[in-house]
Structure formats: C-alpha cells, structure tokens
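Each remark here refers to the structure printed beneath this line.
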Amino acid sequence: MQKIISLPWQVPFGTFALKLDPLSLVFLFAIVILVVCSGLYGIGYLRPYKGKKGMGWHLFFYILLAVSLILVVTANNVILFLGAWELMAIANYFLIIFNNDQHEVRRAGFLYLMATHCGTFCLFLMFFLMANNAAGSMNFDVIAATNFSPIMAGIIFVLALLGFGVKAGFCPMHIWLPHAHPAAPSHVSALMSGLAIKTGIYGICRVIWIMKILPDWCGYVLLIIGASSGLLGVLYALGQHELKKLLAYHSIENIGIIALGLGVGLLGRTYNQPFLSAVGFAGALLHVINHALFKGLLFLGAGSVIQKTHTGNMDHLGGLAKVMPYTSALFLVGALSICGLPLFNGFISEFIIFMGLFNGLFNLPQQGIFFCGLGIVSLAVMGALALACFTKVYGTVFLGEVRAENVNIEDIRGRKESTSKWMIVAMMSLAGLCLWIGLAPHTMVNFTLVSGQYLSGKSFAVNEAEKLLIPLATIISVVLFLIVVFLGLIVLRRLVKGNAAPLIRETWSCGFEQFSPRFQYTSASFARSIVEFAKNILLFNRQGNKIMGAFPAAGNMSSAVKDAAEEIMVRPFYIRLIRLSRKIDENRNKYTQMYLMYIFLFLIFLLVWKIR
Amino acid sequence: MSCILVVFFALMILAAYRLSGMIQIFAIQSFVLGFVPFFMHADHLGLRDVALAVGTMILKGALVPYILFWAIRHVSMRSEVKPLIGFGMSVICGAVLIAGAFWVSSSLKLPGKVASDLLIPCSLSTVLLGFLLMVIRTKAVTQVLGYLVMENGIFLFALSLFDVMPILIEMGILLDIFVAVFIMAIVVNHINEEFEKTQGLDKRWAKMGESL
C-alpha cells in the first residue's frame, strides 16, 4: 500500500520524490482536516482585522504552511524533507508574528525561530550520518534498506530525539511552545498545536521506520520522556491563568502520551512481539489524529472567547455559557475528549495505549515490566490531572459569573464582535469528528493498526484486532446504557413532578453582607491544592499578605508558576552565552585587515593540508 | 617569460611607496598579462585569443587605471601608502609566498595539459601576493588594487585551463564588474582614507540581553 511519485529536480543530491505510505497517510489525514477547519475559522476570526493588517501575506503563509506540512510528511528524499521542514518553520514564524506590533509576540516568534533552528542542526547531523551509512544516497527507501551498527543507530536515535523533540515539545526542550502558542492568532495556534508539533512525532516515527533495528534502551528512553513530558505538561497546565498558555502546556502533555505509545511500540518491536508493537504504534498514531482534532477544537473555542472578551486571563472570565452557548457546548466536547472520557475520541487512543502497556506487563522481560508499570501509573495520573485541569477551565470560563471588576455579563453580550457562522461550522465539524471516532472507533482503529503494523514491520493475526475492539465496544455500550438510564430518570422525574419551573433563591453566602462575583473560585484557587503539592517541581510562587484579625486591612495575593526548564536550564545558559560573547567582543580586533589575514592564513593552511 | 614578469610586477606593487606608482605598476602588469595568450597559442592563434588579449589590455591596462587615477584625484587622497608592516618585510613575505606557490603547484593535479610549466605557479603566486596586499595595506584604494592583482592571477590561471574550463573567463568578467562597483563606491562615499574600523557590537549585545 504505497504510492511513489518521482520527478526530476535540479538540486544536488535531491530528487523530488514523494511517497504515500500508511505512516504518512495518518498524518496527512490530520493535516487535511485541521487545515481546512482552521482556514474556515480564520475567515471569521480575522474579520475584525480587515483593513488593518495585510491579509494577503497571512493567507500566503497559511497556504505555504499547509503545502510544506504536506511535503514534510510525504517527502521521500532527505533534501526535499529538510527543505520542506525549513519552509514550514519560516511560514510558521510569519504566522505567529501576525500581531507584530506587540513586543511579546515578536519575542515569542524569535524564540520559536531559534528553537526550531537548534533542532534542525541536529537533523542535519542525523541525516548526513544516515546518508553516509547508505553510501551517499539521500533516498529514504535506500537508507531504510541498509544496516546500521548498534552504536550508529543509538547516535542517530539520540539526534532524532533532540532534533525532532524540540519541534514536538518533549519536556526539557519545550520552552518555546508555551510562548509561541498564545502569541499566534487562535486558528494558527490550532494548526501549530495540532499539526506543526506533530511533524516532530512524524520525524521520530520515520526514523523508527528507517532504523529497522534499534538498541533496546531506545524504547525505555521514549517511555521515560513520555512519562515526564506528560506529567510535567499537565502539572504546569494546572498552574496557568492564561487560557491559551494552559492549552499549550496540554499539548506537551499529549505529546508525552504519544511518546508513551511509541515507546511501547518500539519495545514490542525490539522484543519481537508483533501485536504489542502494532498496538503501541497504533495508539500513538491514533492519538496524533485525536489530539489534532480536539486540541484544534479547544484552541478555536479559546479564540472565540478571546475575540469576544478581549482577554485570555481566566481570572477575569466567567459565565460565558450564557452568552456563547454554541462555543461553550463545543468547547465542552473538546474538553471531554482531551480528558480521555468514554464516548469521545481521546478515550479511544488512551485506551489503546493502556492496552499496549498492560500487554507489555505480560510479554516483556523484567526491566520492560518496570517501565510499563511506570507508564501505566503516569498515564493514569495524567488523565486525572487533565480532568481536574479542564474542570477548572470550563468552570471558570463558562460557568459562574464574570470575575473581572466593572464588567458584567450584559456588557459582554452587547459587544459587536460575535462568533461568526464560519467559526461555528469549523468547530462543529471538528467536534463531530471527535464524537464519530469516540462512538464508532472501528474505522480509525483499524486504519491506525495498519500503520502500526507497517511501522513494526510485522503483521499479526487478523482476529487479534478484536482484542482491542471488543472491550472498546463493551465500554461504549455500557456508558451509553448509563446515559440512557440517567435520561430516563430525568424524564421520569418530570412525569412525576410535572413541568414546574425551578425556584430561584439567593445562594447562602456565609453571612456576608454584600455578595460579589469575586467570591467565586478563581483558576488559581481551584488548582491550588494540586499545584502546592507539586510546588518544588513547578517553582510555584505565592505572594501576598495573610488576612488576620477581626477587621483586616485591604489585602492582595498573587501566585505564579514558572517553568523549571526555562528558569533552571535555558536562562542561565543564555546569560552565560551573552557574557561570553561580550568578553570575546571586548578583546576583538578592530581592523578589517586582520580578518582578511585570518582568511588568508586559513586558505594557505587548506592548500598545504590538501596537497601535502 | 611574461608570466615571470607578472609576478615580478606584483612584488613591485608590494614595495611601492606611492598610490600613483602602484596604479602605474598595475597598468604595466595588466598590459604584460595581455601578451600571455599570444605566447601560449603562438602556433594556432584564434579570434578568441586575440579578443581576450586586446580586451585585457584595454580594460585592465588602460580603463581601470584611468578610473583609479580619476578616483584618487576626485576624492583628493593623500598619496602615501599606509603599510601595516614595512616594505622590506612585505617583500620578504611575498618571496616566501612565491616559494610556497611553486612548491604547492608542483604537486597539483590538473585536468588538462598546460602550455607552460611556469603558468600555474605564477598564477598562484600572483593570487597570493594580491591577497597579501589586501592584508597588509590599509587604504581603500589599496584594497581595490590588491583585489585587482588577485584577479590578474585568476586570469592567468584561467588561461592555463582555457580550453578545458571556459567558465573561468566569464567568472573573471564578473569579478571585473565587482571591482567597478567597488571603485564607484569609494568615489560616491568619499572614502578618502581607510574603511572605518569596524564598530564594537557592545550596544547590540546589550539590546539582545534585554530582549530575552
């Protein structure tokens, strides 16, 4: 099941070779759906900017991004791949800095550009090592047909983890992600989170496919990366107050889940367990599609909220379900999906990864059992924390009352920016797909199982797929049955008690004289218990005076979570780098001639070296 | 013979005290260079050889020196050459480089047969001497002259591979155009002494430190 197109191309070592195999098909599926939906959404979302910003450029880079994404996942040649990869990075950069009059946005764009180029450096090394091994051929098929020594395979795998991991947002390398995603316009954030970071995952899958035999530690490394990215991602997400930044950290969490699946698949392949391997890979690939769908939906929903209220700070929002019924309902679908609850698509892929991990407990050697156990625990904790996190998001943004001072819900209702039909249609189609995969997983599970077998290189008996589908069908039917029972009970209550309107009374307010929306839980206070539990990892910082005595003075409190990877690893490194550069600059020669002399001496050195 | 002369003149430029003297020597060097194609293909002189020779003589022997003279008059430079190292020392450096060039070219492998054994070492020495001129003299015009001497060396090299690699000649013409632009820039910007010393980047570093 492959199609290869090959066209002549003038670039040295390059052929314009495209290949469609089951692996690229999965990513292509996600790309096509999300590009179309985000594009539709963009029509409505960008309407307020009409005439103020150059829409033509934005559209140009949007299409460029779409084309380069498609090229990245179908390229069958190293040079073409790297070209498309860079094109994608640049198009993405220009999409991020759409609001380039803001300092923060420019800074985020620059950070993104730096991070992606650091990653590309590793990719260059990796691909040239590969090509060197394959007698200079730059074709993926040819490289895949050669044998790698275990040390070489290990080096290439580590380079792939570094290079593609920056793009994917694996945990210590994720620092660009929480800055760049909130800076971009929402439909671009959806694309970045749903697709651009998935190209990193695609790269790792492609390397796994090329390297038919990898050392056994590679799988364990992937499992550890998955567990740490997932847990830290969701914990940081809990500590955020900004809606889109929170979603960005959830992308890191989901990348962790995908890495868990890939790790299981890789272990299965190393220890020659075809079913285990295919299930692991299939779970990861299905989660790629699912994450693209629900994270796209969530970012688009967040975009509607921000467009209407002009703020993404959750501590200022509230009660939007009354104003934006469609958006809130669709956001709820996305939130339920990302939490991995049954009937929605996130559940399906997480369930398959769980199945893989449990399967690993029985079929892997001792250390494999340990790591699979670790994976099971961390995946379960991730699910619970994600549920807490989205309870917080939905509760503070859509329920209750508006939390900002001097704004009430009628003000927001009266604003002329409204969620246009295009935006609703885009979100609805994504939500529909989430529900489709969640309710009828048969098609997509089989689709990704084919890709999983393609990645693992071995196929398993046909009837074994039933091991996945039958429990899934059972769970779905049980949950549906419970829902039917629940609805039946509601109907029964209506029949017995009649259709009387509920009584409306004031909430019991603990004896306070004046009632204010600020009494409500904020996003910070909701997550406080969990965040304080993990405050050593999260660099949780709380400032403010305690309220004491019978007649306390005015008080205030603020809390923030800082990214440990950014504060402990990257920033000190960057400061040292700047200091070093300054030192070099001070001792620098100020004559142009000196530089000419360096060139001259080097030239002579080269001549002598080459001819000697 | 004329190859040796080209190298000799390049050395003379290194030792010249005055700008105008340098330009005159360069003009003579280019003129001598124009004769090389005649000697090379003495038995079967083609139209291309003649055109090349005449073109070189007119362009480099007359036009470029004339423009350079015009340039130094136009921006009224002082005529001393500002050396970074002394004249005697620079000639010795040049001699060492020539010896090096002969040694290197003895072990070069070439794609085709060369008309004269001296051609490759001479061209290499001329290139190196031109580069040396750029390194050890500070004035803008001397930079241009060093560049032109280098280019004469490249021209010699191209001549040796005239039949095998035609594209080298075209590259030489491109270099000529670049030199023309270079000279124009000197005139337009009134660079009458040296290029500015490159500025310290302190301010830029400070800015970068703020931004992140």
Scan of segment A:380-418 for residues that are more than 24 Å from A:Ile258 (Cα to Cα), surrounded by fewer than 23 Cβ atoms within 10 Å (Cβ to Cβ) and hydroxyl-bearing (Ser, Thr, Tyr), ordered by number: A:Tyr394, A:Ser418
Close pairs (8 angstrom Cβ cut-off, 6 or more residues apart or separate chains): at pLDDT 80 or above in segment A:525-537, in a helix (DSSP H, G or I) and of a type in the set (Ser, Thr, Tyr) anywhere: A:Phe526/A:Thr391; A:Phe526/A:Thr396
Residue check, A:Leu539 farther than 30 Å from A:Pro22 by Cβ and out of contact with any Phe, Trp or Tyr (no Cβ under 8 Å at 6 or more places or on another chain): yes
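When you check A:Ile604 against the structure, is it of a type outside the set (Ser, Thr, Tyr), surrounded by 12 or more Cβ atoms within 10 Å (Cβ to Cβ), within 11 Å of chain B (Cβ to nearest Cβ) and closer than 20 Å to B:Cys93 by Cα, yes or no? Outline the logic, then answer.
Values: of a type outside the set (Ser, Thr, Tyr): yes; surrounded by 12 or more Cβ atoms within 10 Å (Cβ to Cβ): yes; within 11 Å of chain B (Cβ to nearest Cβ): yes; closer than 20 Å to B:Cys93 by Cα: yes.
So A:Ile604 fits the description; yes.
Within the group A:Leu320, A:Leu293, A:Leu238, which residue is over 27 Å from A:Glu566 (Cα atoms) and touching a Cys at 6+ places or on another chain (Cβ under 6 Å)?
Only one candidate qualifies: A:Leu293.
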Single unsatisfied condition, A:Phe148 versus (1) aromatic (Phe, Trp, Tyr); (2) within 18 Å of the chain's Cα centre (by Cα); (3) not in a helix (DSSP H, G or I): (2)
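Taking the stated definitions as given, is A:Ser516 of a type outside the set (A, V, I, L, M, F, W, C) and within 33 Å of the chain's Cα centre (by Cα)?
no
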Every residue from segment A:311-340 that is of a type in the set (Val, Ile, Thr) and either over 24 Å from the mean Cα position of the chain (by Cα) or assigned to a helix (DSSP H, G or I) (or both): A:Val323, A:Thr327, A:Val333, A:Ile338
Lone unmet requirement of (1) surrounded by fewer than 21 Cβ atoms within 10 Å (Cβ to Cβ); (2) touching a residue at least 60 places away in the same chain (Cβ under 8 Å); (3) part of a helix (DSSP H, G or I) for A:Phe124: (2)
Hits in segment A:168-195 - residues which are more than 19 Å from A:Ala237 (Cα to Cα) and either of a type outside the set (A, V, I, L, M, F, W, C) or at pLDDT below 90 (or both): A:Pro185, A:His187
Hits in segment A:397-433 (condition: more than 30 Å from A:Ser477 (Cβ to Cβ), part of a helix (DSSP H, G or I) and without any contact (Cβ under 8 Å) to a residue 12 or more places away in the chain): A:Glu410, A:Asp411, A:Gly414
Count of segment A:460-489 residues which are exposed (fewer than 15 other Cβ atoms within 10 Å of the Cβ) and more than 22 Å from A:Trp436 (Cβ to Cβ): 9
Residue in segment A:557-574 that is in contact (Cβ under 8 Å) with a residue 24 or more places away in the chain, in a helix (DSSP H, G or I) and of a type in the set (D, E, K, R) present: yes
Residue match in segment A:543-554 (condition: in a helix (DSSP H, G or I), charged (D, E, K, R) and loosely packed, with under 12 Cβ neighbours inside 10 Å): no
Output for segment A:547-584, where each listed residue is under 19 Å from A:Gln240 (Cα atoms) and among the hydroxyl-bearing types (Ser, Thr, Tyr): A:Ser558, A:Ser559
Qualifying residue in segment A:560-571 (condition: in contact with a helix residue (DSSP H, G or I) (Cβ under 9 Å, 6 or more places away or on another chain) and within 11 Å of another protein chain (Cβ to nearest Cβ)): yes
Considering residues of segment A:436-454 that are closer than 11 Å to A:Val279 by Cα and in contact with a Pro (Cβ under 8 Å, 6 or more places away or on another chain) only, the residue surrounded by the most Cβ atoms within 10 Å (Cβ to Cβ): A:Ser451
Checking A:Ser193 against (1) over 14 Å from the mean Cα position of the chain (by Cα); (2) under 15 Å from A:Leu246 (Cα atoms), the condition it does not meet: (1)
Hits in segment A:434-454 - residues which are of a type in the set (A, V, I, L, M, F, W, C) and either touching a Lys or Arg at 6+ places or on another chain (Cβ under 9 Å) or part of a helix (DSSP H, G or I) (or both): A:Cys434, A:Leu435, A:Trp436, A:Ile437, A:Leu439, A:Met444, A:Val445, A:Phe447, A:Leu449, A:Val450
Residue within segment A:295-310 that is among the charged types (D, E, K, R), in contact with a Ser or Thr (Cβ under 8 Å, 6 or more places away or on another chain) and either at pLDDT 90 or above or part of a helix (DSSP H, G or I) (or both) present: yes
Residue, surrounded by the most Cβ atoms within 10 Å (Cβ to Cβ), within segment A:98-109, restricted to residues that are within 14 Å of chain B (Cβ to nearest Cβ) and under 30 Å from A:Thr74 (Cβ atoms): A:Gly109
Residue match in segment B:168-189 (condition: more than 14 Å from chain A (Cβ to nearest Cβ), at pLDDT 80 or above and out of contact with any strand residue (DSSP E or B) (no Cβ under 7 Å at 6 or more places or on another chain)): no
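The values are calculated or read from the model by the stated rules, or taken from the named source; none is laboratory data. As the structure is a prediction and not an experimental result, all values here were calculated from the model. All Cβ positions, even for glycine, are placed from backbone atoms using ideal geometry, and neighbour counts span all protein chains on display.
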